[in-house]
Every structure is written in C-alpha cells, then in structure tokens.
Amino acid sequence: MLELLVRWFLNAVLVVVAAYLLPGIHVESFLTALVVAMVLGLLNIIVKPLFILLTLPLTIISFGLFLLVINASLILLTSYIVPGFTVDGFWWALIYSILLSLFHITMNTLDKK
C-alpha cells in the first residue's frame with residue numbers, strides 16, 4: 001500500500017515537472033496534479049486496453065505508433081475530466097505523453113536497481 005502511495009506521489013511530481021517544461025500544458029496546483037495522476041492511472045487501467053483492442057489493426061499497420069495517439073487521447077480526456085488541468089491541443093498532448101513515458105521508463109529503471 002505504501003509503494004502505491006509513493007508511486008502516486010511520484011507520478012504527480014512527474015505531471016508537475018512535465019507541465020513546467022511544456023508551455024502548452026497547465027496544472028493549477030499540486031493537488032490538481034495528484035488528481036491528474038490518479039485519473040490518468042485509472043484511464044490507463046480501464047479505457048486504454050479497450051482503445052488498444054478496438055484499434056488493433058491500425059496499431060499493427062503503424063508498427064505500434066498509433067499507441068502514441070491513444071496516449072495523447074487519454075491525456076486530452078483527462079484534461080476534460082480534471083478541472084485545473086488544461087492541454088492546448090493534440091500536439092501538446094502527444095509531446096506530453098512522450099515526456100511522461102520517458103520519465104516513467106527512467107523511474108522504473110531506477111526502481112529496479
């Protein structure tokens with residue numbers, strides 16, 4: 001349980017850092033970042049597998065690159081759900097999703113050492 005809370009907190013920190021680095025992403029407060037991290041996590045668990053299943057042929061044809069579009073769509077959906085979190089467009093959501101993915105890869109690599 002403690003590990004889950006630590007990961008949630010670190011994901012919120014990553015949301016704030018990534019929003020600070022990208023001018024097209026706006027997070028009002030750290031509390032908003034905590035909500036964004038929770039909503040993104042829930043959408044990744046519930047909605048993302050459904051999106052992947054429905055777009056599987058397109059994902060295969062694009063050699064998996066369509067997964068970036070799915071990630072950006074989930075971030076845009078999160079911006080509609082969470083007040084205080086805004087994304088200025090699809091391209092900012094795409095860049096934001098790539099940056100968050102890189103942060104998560106780094107965090108998971110450091111976690112295994």
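Structure notes:
- Extended-chain gain in nm, criterion 0.36 nm per residue less alpha-carbon gap, residue 110 and residue 9: 34.8 nm
- A simple count of charges around residue 100, restricted to other residues whose Cβ falls under 15 Å of its Cβ and scoring Lys, Arg +1 and Asp, Glu -1, yields +2.
- Principal-axis tilt of helix 66-81 within the chain, Cα atoms, nearest 10 degrees: 50 degrees
- Averaging the sequence gap over all C-alpha pairs within less than 8 Å and six or more residues apart, then dividing by the number of residues, gives the chain a relative contact order of 31 percent.
- Projecting label points 7 angstrom from Cα along Cα→Cβ for residue 46 and residue 81 puts them 0.6 nm apart.
- Helical runs (DSSP H, four residues minimum) scored at -39500 (n - 2.57) apiece and divided by the length of the chain put the mean residue ellipticity at 222 nm at -27000 deg cm²/dmol.
- Using alpha-carbon coordinates, inclination of helix 2-21 to the longest axis of the chain, degrees: 80 degrees
- Prolate/oblate/rounded call for the stretch 27-101, Cα gyration tensor, a/c under 1.5 rounded: prolate
- Label point of residue 65 set 7 angstrom out along Cα-Cβ; within the stretch 92-113, no amide nitrogen lies under 12 Å from it.
- Modelled this way, with points 7 Å down the Cα-to-C-beta line, the labels at residue 2 and residue 28 are 3.4 nm from one another.
- Global form of the stretch 68-113, assessed from the alpha-carbon gyration tensor, a/c cut-off 1.5: prolate
Every read-out reported here was derived from the displayed coordinates using simple, explicitly stated rules and does not represent laboratory data. Given the structure is predicted, the values throughout are model-derived calculations rather than measurements. In this analysis, Cβ positions are derived from the backbone assuming ideal geometry, glycine residues included, and neighbour counts consider all displayed protein chains.
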